[in-house]
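Reviewing the structure listed below.
The values are calculated or read from the model by the stated rules, or taken from the named source; none is laboratory data. Note that this is a predicted model, so its numbers are computed, not measured. Methodologically, a virtual Cβ is constructed for each residue, glycine included, from the backbone with ideal geometry; neighbour enumeration extends over all protein chains shown. We work out accessible area using only protein heavy atoms, side chains counted, and drop any ligands, DNA or RNA first. Shrake-Rupley method; radii C 1.70, N 1.55, O 1.52, S 1.80 Å.
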Amino acid sequence: MKLLPRSSFGQTVFLVGSLLLINQIVSLVSVLFYVIEPSYQQVNNLLAKQVKVLFIADTQGIKVPRKLSEEFIQATEIKVFTEQQAEMNGLLEADLYPYFSTQMSKQLGGKTEVRISQGHDYFFWVKPPQAPNYWVRMPLDGFEEQNFSPFTIYLIAIGILSVAGGWAFARQLNRPLKALESAAIEVGQGDFPDQLKERGSTEIVAVTRAFNQMSAGIKQLEKDRNLLMAGVSHDLRTPLTRIRLATEMMGPNEDYLKDGIVNDIEDMNMIIDQFIAFIRHHKEEALEPINLNSLVKDVVDSEQQNKQRQFELVFDENMTSQMIRPTAIKRVITNLIENALRYSEYKIVVETGIDEINNMIYFSISDSGPGIDEDDVVKLFEPFYQGDLARGGEGSGLGLAIIKKIVDTHHGLVILKNRAEGGLTATVKLPMVKVV
């Protein structure tokens, strides 16, 4: 599992967030070392000086100048307690602060213990080395933890705003790429969207301009191909029609030649029809609300009447109308049924159903023919690929390519699978599109 996001958008947001986190850490450390710690040191120094005023040590012990102490205590509200008195006045609720203890020890020249009691009033408790049996309690005005909350809120707000700004910037930067991706998908499916607006950074503008030129070139190439195919079809059908007319004038003793020529003409017309069907843009047909069961039944009835073959129909009665292109899907069903009839002499099974898990509808045609080589499944959808002689040696090799192209325009799937009992099942799945 990779921790770094793969998309450009995700990487940009990750980069902005990482830089922001580093900046916040550096800012926090800087504030701690250059703002908060000096402030604490100043408070500590001030309190240490107050303690020194109370206790002046000499070589004979501790002396407490009463007059000075009384005036000082009255002015500063500082109080001196014995151990027992201190415990009765809130020492037990005070928390030990090693940082202040270390700093105070340096100021007073000996081991000092510092505690801070928190409640309605804050008190600074000091056990000085000058009087190890006494506790000095000093009130702390304005020394409250919530005083640091604005700084914390500031850091959080800056972090949120910076990430939001990075997200908005990355989204704006990647919007042209998203449009480019959507347009490329459309071109790949045979559509040609309008020219994309050239916006964004210079690199993205250059890519967009190149894509627009490529899309316009492919669109023109598609038009030229359609025009060429239409011209070839027209030019070929004209002499074929004359040949067909000439065969009708042949004498009775030349029937064996006539039948062969007529069959060749029909094959050539069928091949031309397949070429035209392959290049035709099936998305030009409008979507219509059609029940797949009815569409399949119409094709099967027509094939059954023309070919006099047996069909088994298995329809899902819960099938509802979906937005599809009926003529194009009819061509898909017809091509698959004709393939099944060509390579199988027995009953053809036609089934419809609903794939609720993937939100798709489907139809399948199963035969009992020779099946196909597993290695040829993907290649069979390529134009002019006819596969092995057992299952694809006839025709122009465009049948499955036409089917694949039509199904792709519907954003569907074509699945070919050999049956365990012999034969082939061709399944076409189409996404369910609700009727508006």
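A few remarks follow.
- Qualifying residue in segment 409-420 (condition: at pLDDT below 70, of a type in the set (Gly, Ala, Ser) and farther than 21 Å from VAL187 by Cα): no
- Strands (runs of 3 or more DSSP E) (entirely within segment 279-334) containing at least 2 residues that are surrounded by fewer than 16 Cβ atoms within 10 Å (Cβ to Cβ) and at pLDDT 85 or above: 288-291, 311-314
- When each of ILE337, ILE365 is tested for being touching a helix residue (DSSP H, G or I) at 6+ places or on another chain (Cβ under 6 Å), assigned to a strand (DSSP E or B), open to solvent by less than 40 Å² (accessible area, probe 1.4 Å) and closer than 24 Å to LEU287 by Cβ, the lone residue that passes is ILE365.
- Cross-chain or 6+ apart pairs with Cβ under 9 Å, segment 129-151 first and open to solvent by 90 Å² or more (accessible area, probe 1.4 Å) and modelled with pLDDT of 65 or more, then in a strand (DSSP E or B) and charged (D, E, K, R): ASN133/LYS127; TYR134/LYS127
- Within segment 333-360, residues that are farther than 21 Å from GLY371 by Cβ have Cβ atoms under 7 Å from residues that are modelled with pLDDT of 85 or more and of a type in the set (S, T, N, Q) in these pairs: THR352/ASN293; ILE354/ASN318, counting only partners at least 6 apart in sequence or on another chain.
- ALA401 passes every criterion in (1) at pLDDT below 80; (2) outside any loop (DSSP other than H, G, I, E, B); (3) open to solvent by 40 Å² or more (accessible area, probe 1.4 Å) apart from (3).
- Residue count, segment 198-223 (criterion: open to solvent by less than 70 Å² (accessible area, probe 1.4 Å) and either farther than 26 Å from GLY17 by Cα or in a loop (DSSP other than H, G, I, E, B) (or both)): 13
- Filter result for ILE361 (at pLDDT 65 or above, closer than 30 Å to ASN291 by Cβ, within 37 Å of the chain's Cα centre (by Cα) and of a type in the set (Val, Ile, Thr)): yes
- TYR40 vs. criteria open to solvent by 90 Å² or more (accessible area, probe 1.4 Å), at negative phi, at pLDDT below 80 and in a helix (DSSP H, G or I): no
- When SER101 is tested against (1) farther than 30 Å from ASN212 by Cβ; (2) part of a helix (DSSP H, G or I); (3) at pLDDT below 75, only condition (3) is not met.
- Matching residues in segment 74-104 - criterion: being among the polar types (S, T, N, Q), surrounded by 13 or more Cβ atoms within 10 Å (Cβ to Cβ) and more than 18 Å from LEU47 (Cα to Cα): GLN85, ASN89
- Qualifying residue in segment 185-197 (condition: modelled with pLDDT of 80 or more, open to solvent by 50 Å² or more (accessible area, probe 1.4 Å) and more than 20 Å from THR409 (Cα to Cα)): yes
- Selection from segment 406-421 of residues that are surrounded by 18 or more Cβ atoms within 10 Å (Cβ to Cβ) and touching a Pro at 6+ places or on another chain (Cβ under 9 Å): HIS410, GLY412
- Matching residues in segment 170-209 - criterion: being under 20 Å from LEU221 (Cβ atoms), out of contact with any helix residue (DSSP H, G or I) (no Cβ under 8 Å at 6 or more places or on another chain) and not basic (Lys, Arg): ILE185, GLU186, GLY188, ASP194
- Close Cβ contacts (under 7 Å, 6 or more residues apart or on different chains) running from residues in segment 409-436 that are on the phi > 0 side of the Ramachandran plot to residues that are surrounded by 17 or more Cβ atoms within 10 Å (Cβ to Cβ) and assigned to a loop (DSSP other than H, G, I, E, B) comprise GLY422/SER368; GLY422/GLY371; GLY423/SER344; GLY423/ASP367; GLY423/SER368; GLY423/GLY369; GLY423/GLY371.
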